[in-house]
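Q: Encoded as structure tokens, here's the structure I'll be asking about.
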């Protein structure tokens with residue numbers, strides 16, 4: 001019998017948003033305070049993309065741009081890549097690999113309800129493998 005894990009079972013519900021006109025400085029402080037490394041960038045209430053710690057480093061700091069003057073909208077990755085909550089963890093991992101991204105945002109009825117990262121997917125997969133291994137040792 002195959003074991004199927006759904007995105008909704010492993011997603012992190014702590015999704016933090018930021019307005020596209022906010023500066024990179026504001027974004028970094030918000031990431032630190034919320035203990036997240038990505039923010040959903042919104043423009044007029046619509047999710048436009050995501051800004052990550054890597055975006056800050058590669059698209060702002062490494063280019064010598066002022067983090068106090070650069071907006072998150074100008075360095076964000078867009079469009080936002082999403083997946084449904086009923087998708088399997090395998091499907092999520094396949095999308096992340098195909099698009100060479102580290103996180104997917106979980107969308108349900110037009111609203112972001114969570115996110116799943118490569119790390120969470122990997123940890124969940126390892127947990128299932130450990131459980132299966134321990135069960136096979138008892139049989």
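Bear in mind that the values in this text are calculations on the coordinates, not laboratory data. These numbers come from a predicted model, not from an experiment. Glycine also receives a Cβ, built like all others from the backbone with ideal geometry; neighbour counts cover every protein chain displayed.
Q: With the Cα gyration tensor of segment 56-106 in hand, give its eigenvalues times 5 under a square root as the equivalent ellipsoid semi-axes, listed largest first in whole angstrom.
A: In descending order the semi-axes read 30, 11, 7 Å.
Q: Right, here's the next one. Measuring from a point 7 Å past the Cα of residue 111 along Cα-to-C-beta, which residues in segment 73-97 have an amide N at less than 15 Å?
A: 85
Q: Starting from 0.36 nm per residue, how many nanometres of slack lie between residue 82 and residue 63 once their C-alpha separation is accounted for?
A: Extra length available between residue 82 and residue 63 comes to 4.0 nm.
Q: Using the Cα gyration tensor of segment 26-79, with a ≥ b ≥ c the square roots of its eigenvalues, what is the shape: rounded (a/c below 1.5), prolate (a/b larger than b/c) or oblate (neither)?
A: Oblate, since a/c reaches 1.5 and b/c is not below a/b.
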